[in-house]
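Only one structure is covered here, and it is reproduced in the block below.
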Amino acid sequence: MGHGPMLRKEDARFVRGRGRFVDDVRLPGMLHGAILRSPHAHARILSVDVSAAESHPKVRAVITGETLAGRGLAWMPTLSHDVAAVLATDKVRYQGQEVVFVVAEDRYAARDALSLIEVEYEPLPPVIDARRALDPDAPVIRDDLDGRADNHVFDWESGDAAATDAVFASAERVSTCDLLYPRVHPAPLETCGIVADLDRITGKLTVHATTQAPHTHRMLYALIAGIPEHKIRIIAPDIGGGFGNKVGMYPGYLCSVVGSVLTGAPVKWTEDRSENLMSSSFARDYHMHGEIAATKDGRILGLRVRVLADHGAFNGTAQPSKFPAGFFHVFTGSYDVKAAHCRVTGVYTNKAPGGVAYACSFRITEASYLVERMVDVLSHDLGLDPAAVRMANLLRPEQFPYACATGWEYDSGDYPRTLTLALEMAGYDELRREQAERRAAYEATGRGSLMGIGISFFTEAVGAGPRRTMDILGLGMADGAELRVHPTGTAVLRVSCMSQGQGHETTFAQIVGEELGISPDDVELVQGDTDQTPFGLGTYGSRSTPVSGAAAVMVARKVRERARIVAAAMLEVAPEDLEWHKGRWQVAGDPAAGRTIAQIALAAHSDLDLPDGVEGHLDATCVYNPPNLTFPFGAYICVVDVDPGTGQATVRRFVAVDDCGVRINPMIVEGQVHGGLADGVGMALMELMAFDDDGNHLGASFMDYLLPTSMECPSWELGETVTPSPHHPIGAKGVGESATVGSPAAVVNAVLDAIGVRHADMPLTPAQVWRAVQGRPIRPDLA
Ligand code: MCN
Ligand code: CUN
């Protein structure tokens, strides 16, 4: 009844242009905000003169850092135990930082008024290269923090250092490599925005906003602005892509709220593209030194990693609070290693804050790229085939549940089966033969193109998370769900998570349909409105299916059990005599005597005599606290053609075999994988947030920050295996970030395999590849 490749309900409105996004919200008397931003990466603010802007005929309020400071709002707490400036008071700390917020009668007037503001800056030397951030003479960025004498954010480690050192000391082979996972940006098509409306009479704040986590935002407004939480309503309408960009709290949101408080009118603020790229959550920026220990025949024994993490000017990463490097410590990936250890040092630089975004699974992107690149480096050094090295080291099915060296318990997997399928689909041996022929021809004639085959095998950890170990701002990561079946048998499901394009209106209806034996068309999803949905932490870290999805299953099963009691009363039998069969409760041994959920729902609202203690109606609530994360995995194979003369790499084929356990909607899962594979091609070949030495942002438009299009993508070849999660009620694992996590390494491995180079950093633009072919140093800053 429920699961299957059902077309997406939401597309009926999206393809007709009838989606309703934040920028479509128009309230009576609504004003418009605009932000004056810093042109400097690092500068002291000497003076701010807003008098001319204030006298602009259409300006209704001008908010400076001092205005906010008067209300105790110039700084806000981040999700990572730091504070971030809302509007700068003392210094600006990155180019694009928010300095003044203007509220005017229309958007043009607000923008015009920005040019009337005079800010006097005293430029300071910036810290742009994270590797220089801890130099003794580096300028101190966060002199606002008490007693801070350097740019150090945190040190964090995981794994057993001594055991790892011992493994390395006795290993036959140790391969090392320095890798940069460059700064990239999630760049959702819809930028961030808000309409804030404080009703001065009721004291109620209604916020329409682009948020992946409405309930978390409600609490943040309560904590930061001091508005009682029951007087705050967050509405997230349709969202045009989130990709982690819409998890955190941005200054523009808070300024809009303050603007509404000051003017008594609703205030809308919508970012433009450059503002989004310059100031909102970036992703990655991990400098990694990897070491892999192995036997001379390629048996992997241990992994050791040092990371320098560029967190920008404020530590605003949005991840479970006990994990400052996110879930990076899953870096042993899919392999059975004896020991592993990582040490991560976070530093401040004069760049925008963020770090955890872009389908990152809380830094598993970085971890997966690291290990999959290191396995190829090892294979290169030993002269072994990278597919064979992977196959020899993959965890075996009988090792699950598997406790890895850094403390995770992988729930389930059959890795060799998945890799075997991918190799078969790709025709791996034939590809290697073709590669050898092409290389021989190139070497003989100096003409033609080279080809490369890149493999990656990833393991993800998604669905944060068990309350005992995972929280955000002290909030345990459990999700509520409420389900109500109406008298005529249709149902409404209310959830806390928030779709940004993942198709939840369809898949959550399918979950309930499957459990209750009704059509998904008869189940409506209510999401994205805190006044109408139960509490929960939101949609990121591919947690909707593992957590809210499980909550939806459990609440539907509760309703089904309630229905059983009603059906028993209808049929005048004991509830124990009923069995659930193909969508109805029926008498064991008498299949003709049965009742569907629709029949039961009507009876539950009727004059039927119900047993004592049964209240009638047909509904339930539940809160799901996941016992563990889910561990989806997959095997990816990329085939590229590289023109050594121009350095141009073209992705010819991409085979992706994903295992996300039971698939609720296989079509939507494939769509998620398609999107993530495109992300991987983009990051591997094109995307880069670049800065010059003064901290000027060099990629603040889509002319410079290059996103992949269908022109750069092949026709994806997808396969699947299904290894259910043993602890999820329907065996499903999250999949929304799998392909973004797994694919960059496959593309990079393929390009480097083509040109026979041991390592070069992303993005492998034609210039970079050409330099690598020529044996010249790679300059990621110039990519
Ligand atoms: N699904 C399924 N069967 C499974 C697993 C998932 O049918 N075994 C379906 C789900 O029901 C859901 C979709 O696949 O409709 C993704 O589910 P899930 O893996 O639970 O991920 P989330 O819904 O929590 O989405 C979050 C994830 C993240 S963190 C980023 S970042 C990302 C991603 O989703 N952002 C996206 N995919 C995106 N896709 C779109 N279109 N837009 C974004 O902003
Ligand atoms: Cu890290 S991006 Mo998604 O978790 O929203």
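Across the options 176, 614, 209, the greatest Cα extent toward the positive end of the charge dipole of the chain (unit charges at beta carbon of Lys, Arg, Asp, Glu) belongs to 209.
Per the Kirkwood definition applied to all pairs of different Cα atoms, how many angstroms is the hydrodynamic radius of the range 691-747? Before the final figure, lay out the partial values.
Numbers: mean 1/r = 0.0640 Å⁻¹.
Evaluated on the range 691-747, it is 15.6 Å.
Positive-end ranking of 539, 242, 588 along the dipole of the chain, with charges on Cβ about the Cα centre, is headed by 242.
Comparing Cα centroids, the range 691-744 and the range 54-126 end up 34 angstrom apart. Whole-Hz Karplus values for the range 458-471 come out as 10, 10, 10, 10, 10, x, 5, x, x, 4, 5, 10, 10, 8 Hz, taken residue by residue from phi with 6.51 cos²θ - 1.76 cosθ + 1.60 and θ = phi - 60°; glycine and proline positions read x. From the alpha carbon centroid of the range 205-268 to that of the range 455-510 is 21 Å.
Relative to the globular-protein estimate of 2.2 N^0.38 Å, the Cα radius of gyration of the range 246-354 stands at 1.54. Listed by chain and number, the lysines whose C-alpha is less than 19 Å from the C-alpha of residue 582, apart from same-chain residues fewer than 8 away, are 558. Here each label is just a point 7 Å from Cα along the line to Cβ, and for residue 388 and residue 71 those points are 6.8 nm apart.
With R₀ set to 35 Å, the beta-carbon distance separating residue 576 from residue 625 gives a calculated FRET efficiency near 0.75. Between the alpha-carbon centres of the range 526-563 and the range 603-619 there is a gap of 24 Å. Of the accessible area of the chain, computed with a 1.4 Å probe over protein heavy atoms only, carbon and sulfur atoms account for 52 percent. Derived scalar couplings between HN and Hα for the range 600-606 equal 5, 4, 4, 4, 5, 9, 9 Hz in order, rounded to whole Hz, by the Karplus curve 6.51 cos²θ - 1.76 cosθ + 1.60 (θ = phi - 60°), x for Gly and Pro.
Mind checking the per residue accessible area of the chain for me, 1.4 Å probe, whole number of Å²? Don't skip to the end; give the middle numbers.
On the way: 27650 Å² over 783 residues.
Value for the chain: 35 Å² per residue.
With the convex hull constructed from alpha-carbon coordinates only, the range 420-502 shows a mean projected area of 12.5 nm² over all directions. Cross-link partners of residue 351 among lysines, defined as those whose alpha carbon lies under 30 angstrom from its own and excluding same-chain residues fewer than eight positions apart: 91, 246, 268, 322. In units of the compact-protein estimate 2.2 N^0.38 Å, the range 1-96 shows a Cα radius of gyration of 1.69.
Under the simplified labelling scheme, the residue 605-residue 696 pair shows an inter-label distance of 6.6 nm, with each label point 7 Å from Cα along Cα→Cβ.
Can you give the helix-only mean residue ellipticity at 222 nm for the chain, where every DSSP H stretch with n ≥ 4 adds -39500 (n - 2.57) and the sum goes over all residues, rounded to the nearest 500 deg cm²/dmol? Computed mean residue ellipticity for the chain: -8000 deg cm²/dmol.
Give the calculated FRET efficiency between residue 30 and residue 706 to the nearest 0.05, with a Förster radius of 41 Å applied to their Cβ-Cβ distance. Intermediate values should be presented prior to the final figure.
On the way: r = 35 Å, r/R0 = 0.86.
Efficiency, from the Cβ-Cβ distance: 0.70.
The alpha carbons of the range 209-277 give a radius of gyration and a Dmax of 12.2, 35 Å, in that order.
What full-extension length gain, to one decimal in nm, is calculated for residue 149 and residue 201 as 0.36 nm per residue of separation minus the Cα-Cα distance? Walk me through the numbers before you get to the answer.
Values: separation 52, 0.36 × 52 = 18.72 nm, distance 4.75 nm.
Stretched fully, the residue 149-residue 201 segment lengthens by 14.0 nm.
Give me the percent of Cα-Cα pairs in the chain that sit more than 33 Å apart, rounded to a whole number. Let's see the in-between values first.
Details: 165125 of 306153 pairs.
So the pairs more than 33 Å apart make up 54 percent of the total in the chain.
In summary, the aspartates and glutamates within cross-link reach of residue 231, defined as a Cα separation below 12 angstrom excluding same-chain residues under 8 places away, comprise 197, 199, 531. Overall, the range 478-624 carries a charge dipole of about 380 debye about its Cα centre when +1 sits on the Cβ of Lys and Arg and -1 on the Cβ of Asp and Glu, all other atoms neutral.
Give me D for the range 478-624 in µm² s⁻¹, whole number, from Stokes-Einstein with Rh from the Kirkwood sum over alpha-carbon pairs, 4 °C and 1.567 mPa s.
On the way: Rh = 15.5 Å.
After rounding, the answer is 84 µm²/s.
Estimated at 0.36 nm per residue, the fully extended path between residue 289 and residue 306 surpasses their Cα-Cα distance by 5.6 nm. Of the options 293, 130, 708, report the single residue whose Cα projects farthest towards the positive end of the charge dipole of the chain (beta-carbon charges: Lys, Arg +1; Asp, Glu -1). With unit charges placed on the Cβ atoms, the residue in question is 708.
Using 0.36 nm per residue and subtracting the Cα-Cα separation, the extra length available between residue 321 and residue 222 on full extension is 33.7 nm.
The values are calculated or read from the model by the stated rules, or taken from the named source; none is laboratory data. A quick note: this is a predicted structure, and the numbers were derived from the prediction, not measured. As a convention, Cβ positions derive from the backbone with ideal geometry for all residues, glycine included, and neighbour counts pool all protein chains shown. Just the protein is used for accessible areas: all its heavy atoms, side chains included, with ligands, DNA and RNA removed. Shrake-Rupley method; radii C 1.70, N 1.55, O 1.52, S 1.80 Å.
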